[in-house]
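Q: Before I ask anything, here is the structure I am working with.
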Amino acid sequence: MIHKKTIKAYVYQRDQGKCFHCGKSIRFNQTTLDHYFPKSRGGTEEFFNLVACCKFCNRMKKSVVPKDWLTINIELFKKAVLDGKVISQVEPKYNQDELVGLAHGIESIFRNKINTVFEGDGYRLYVKENKIYKMVRFHHEEE
Ligand SMILES: [Zn+2]
């Protein structure tokens with residue numbers, strides 16, 4: 001498990017010290033972490049689902065699912081991979097460049113109780129606690 005302070009420091013820096021929702025600059029000690037896809041609906045405490053948030057926006061947001069959660073989760077996952085914040089436990093080992101390449105092609109997400117599945121063209125990455133612990137390749141049916 002990654003320490004809470006480490007998570008917050010990364011998210012704060014990634015979001016450039018601004019509230020993800022209203023864009024206002026916030027001090028680190030005034031920053032809260034918002035689960036972009038709400039925790040109450042199964043959103044996880046992973047880099048791709050946490051954004052820097054001012055106290056006001058966090059109070060207003062409650063457990064509404066933002067319309068663009070899919071795009072944002074994918075975008076933040078790509079960033080986390082690029083920043084070396086996502087570890088792969090898949091054999092054979094992928095190097096950083098290969099992981100970035102894989103993340104680049106991700107187009108959709110599925111959530112279940114156990115993990116988050118990122119799907120790209122011909123593959124799925126199973127992610128839990130910022131780790132890719134399984135990868136499945138498949139072939140598309142001929143159209
Ligand atoms: Zn705000």
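All of the numbers you see were taken from the coordinates with simple rules; none came from a lab. Given the structure is predicted, the values throughout are model-derived calculations rather than measurements. Don't worry about glycine lacking a Cβ; one is built from the backbone with ideal geometry, like all the others, and counts go over all protein chains shown.
Q: Which strands (runs of 3 or more DSSP E) sit wholly inside region 59-139 and have at least 3 residues that are touching a residue at least 40 places away in the same chain (Cβ under 8 Å)?
A: 131-137
Q: To continue, here is another question. Within region 21-28, identify whether any single residue is buried (at least 18 other Cβ atoms within 10 Å of the Cβ), within 9 Å of the ligand (Cβ to nearest atom) and under 26 Å from residue 102 (Cβ atoms), and answer yes or no.
A: no
Q: Can I ask one more? Restricting attention to region 46-64, and to residues there that are charged (D, E, K, R), touching a helix residue (DSSP H, G or I) at 6+ places or on another chain (Cβ under 9 Å) and under 27 Å from residue 128 (Cα atoms), which single residue is nearest to the ligand (Cβ to nearest atom)?
A: Within region 46-64, the match that is nearest to the ligand (Cβ to nearest atom) is 62.
Q: Now for a separate question. Name the single residue, out of those in region 1-48 being part of a helix (DSSP H, G or I) and of a type in the set (Phe, Trp, Tyr), that is farthest from residue 69 (Cα to Cα).
A: So the first thing to find is which residues in region 1-48 are part of a helix (DSSP H, G or I), and the list is 4-14, 28-30, 39-41, 47-48.
Now narrow it down to the ones that are of a type in the set (Phe, Trp, Tyr): 10, 12, 28, 47-48.
Details: 10: 20, 12: 19, 28: 24, 47: 14, 48: 10 Å.
Within region 1-48, the match that is farthest from residue 69 (Cα to Cα) is 28.
Q: A follow-up question, please. Give region 79-123 a look and list any residue that's of a type in the set (Asp, Glu) and closer than 18 Å to residue 14 by Cβ, or say none.
A: Within region 79-123, 83 is the sole residue that qualifies.
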